[in-house]
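Novice: Let me begin by handing over the structure; questions about it come next.
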Amino acid sequence: MSNLVSGFSKFTKEQKIEWLSENFLKGNKDANQILRLYWNSDEKLQQLHDDFIENTISNYYMPYGIAPNFVINGKHYVVPMAIEESSVVAAASLVGKFWSDKGGFRASVLSTVKVGQVHFMYGGSKTDLESYFLSKKTDLLKSTETITENMRKRGGGILEIELRDKTDELKDYYQLHVTFETKDSMGANFINSCLEAMAQNFEKEDIQIVMSILSNYIPECLVQAEVSCEVEKLHPTNGLLFAKKMKQAVDIANVDPHRAVTHNKGVMNGIDAVVIATGNDFRAVEAGVHAYAARSGKYKSLTACDIENGVFTFSIQIPLALGTVGGLTSTHPLSKLSLEMLQNPSAKELMQIIAVAGLAQNFAALRALTTTGIQEGHMKMHLVNILNQLEASQEEKQNITKQLSGKTVSYSGVADALKTLRA
């Protein structure tokens, strides 16, 4: 218990690192140097990063790359991606180019309704509660007027307030279910502020407010994307067989949750990378998307595949709550640059771009799985990481890469090849 500390958040960054080194990194002489190595040399920019969270001691870098050659609704894009996994950006780039001369991707936003809830307990008469709700509904809206003023000017705001009876699932449990339109803002702070104002106005002696919070499950904030072409254009030798195997792969993900989870993880490789690059909340997106994948009561594929009249169609429909104003999108320099790179999209357009990124990534994964296998391309990209772990020189990297060209790549194989080279 001697390692407990009081007032840690008030320490300077140097004091935090000194305390950490003395208490938990005693055996690591390089810890202080490593942490400082990732500080930004621009003090103003470093202070910006320090202010994002509490107890900052350094920055954690991730690779930031771009996938060119995407055509979406006839418009050309270069897509920024922040991700550490080998082959993701390469796969997206290849798929973007693959579909660019086949009409590109088509995408559309189906709806943009977001949800928040006031959760409360009430043990009295349901009829009395319904009467009270109807008498207070106008007041609930009035209580948020100062909060919603600017949003209403932009065409957004509160859409509807419903009283929902959940007592069949939990004794005395009801909720105010509120729907919102937040335009180009993701809207989390806006929604939560509205809900808390409503809760304060709605609470009375026999109504116990438990909590007021937005929901990251947004099945009415939907975007869809798809690609299609004649089956013979899919593969240089046997397009029909390729199309059938792709469809079978999606069908398997629809019947087996073990496969569906990995299948959808591949979708999220593309989605998360662009969500992070544009300063959006990837945890909220992940939670909402995976809940949507299980909406039937069974966890299934996020993508769909059809072959009809000789035409192959690959598509996705997912919920995405995104913003292009507010939060990190307005403060992080790389987030702002990412949005500029995407030609300053609206939130709706960003939904379409990110859905396409997920669809492209899933197409790339299934194409590899149903043809050469996933490891061939992945391990080629991973070779660089293995060589870095083994502290290979630039000359050694070139030599080993040449040696292993066309061969199966494994950590032990690379290590043995490097040992032989050095000997």
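The values are calculated or read from the model by the stated rules, or taken from the named source; none is laboratory data. Remember, predicted model here, so these are calculated numbers, not experimental data. Because the Cβ atoms are built from the backbone with ideal geometry, glycine has one as well, and the counts that use them run over all protein chains shown.
Novice: If only one of 226, 230 is buried (at least 16 other Cβ atoms within 10 Å of the Cβ), more than 23 Å from residue 298 (Cα to Cα) and among the charged types (D, E, K, R), which one is it?
Specialist: Every option except 226 fails the conditions.
Novice: Still on this structure: Hey, among 45, 37, which residue is in contact with a Pro (Cβ under 8 Å, 6 or more places away or on another chain) and exposed (fewer than 15 other Cβ atoms within 10 Å of the Cβ)?
Specialist: Within the list 45, 37, the selection yields 45.
Novice: Same structure, new question: Go through the stretch 63-77 and report how many residues are surrounded by fewer than 14 Cβ atoms within 10 Å (Cβ to Cβ) and either part of a loop (DSSP other than H, G, I, E, B) or under 19 Å from the mean Cα position of the chain (by Cα) (or both).
Specialist: Of the residues in that region, 2 qualify.
Novice: Okay, next question. Looking at the stretch 97-125 only, could you name the residues that are without any contact (Cβ under 8 Å) to a residue 40 or more places away in the chain and surrounded by fewer than 13 Cβ atoms within 10 Å (Cβ to Cβ)?
Specialist: 101, 125
Novice: On the basis of being over 23 Å from the mean Cα position of the chain (by Cα), outside the structural domain of residue 318 (by TED's automatic domain parsing) and at pLDDT 85 or above, does residue 399 make the cut? Lay out the reasoning, then the answer.
Specialist: Numbers: over 23 Å from the mean Cα position of the chain (by Cα): yes; outside the structural domain of residue 318 (by TED's automatic domain parsing): yes; at pLDDT 85 or above: yes.
Criteria met by residue 399.
Novice: Filtering the stretch 184-218 down to residues that are among the small types (Gly, Ala, Ser) and outside any helix (DSSP H, G or I), which residue is farthest from residue 130 (Cα to Cα)?
Specialist: 185
Novice: Every residue in the stretch 359-381 that is under 17 Å from residue 269 (Cβ atoms) and at pLDDT 85 or above, please.
Specialist: Once the filter is applied, which keeps residues that are under 17 Å from residue 269 (Cβ atoms) and at pLDDT 85 or above, the stretch 359-381 yields 359, 360, 361, 362, 363, 364, 365, 366, 367, 368, 369.
Novice: Where residues in the stretch 239-294 are part of a loop (DSSP other than H, G, I, E, B) and small (Gly, Ala, Ser), which of them is farthest from residue 217 (Cα to Cα)?
Specialist: Quick first cut of the stretch 239-294, residues part of a loop (DSSP other than H, G, I, E, B) only: 256, 278-281, 294.
Right, trim to small (Gly, Ala, Ser) and you get 279, 294.
On the way: 279: 20, 294: 11 Å.
The residue in question is 279.
Novice: Filtering the stretch 308-358 down to residues that are small (Gly, Ala, Ser), assigned to a helix (DSSP H, G or I) and modelled with pLDDT of 95 or more, which residue is surrounded by the fewest Cβ atoms within 10 Å (Cβ to Cβ)?
Specialist: The extreme case among them is 335.
Novice: Within the stretch 70-80, can one find any residue that is in contact with a Gly (Cβ under 9 Å, 6 or more places away or on another chain) and either in the same structural domain as residue 184 (by TED's automatic domain parsing) or among the polar types (S, T, N, Q) (or both)?
Specialist: Yes, the conditions are met somewhere in the stretch 70-80.
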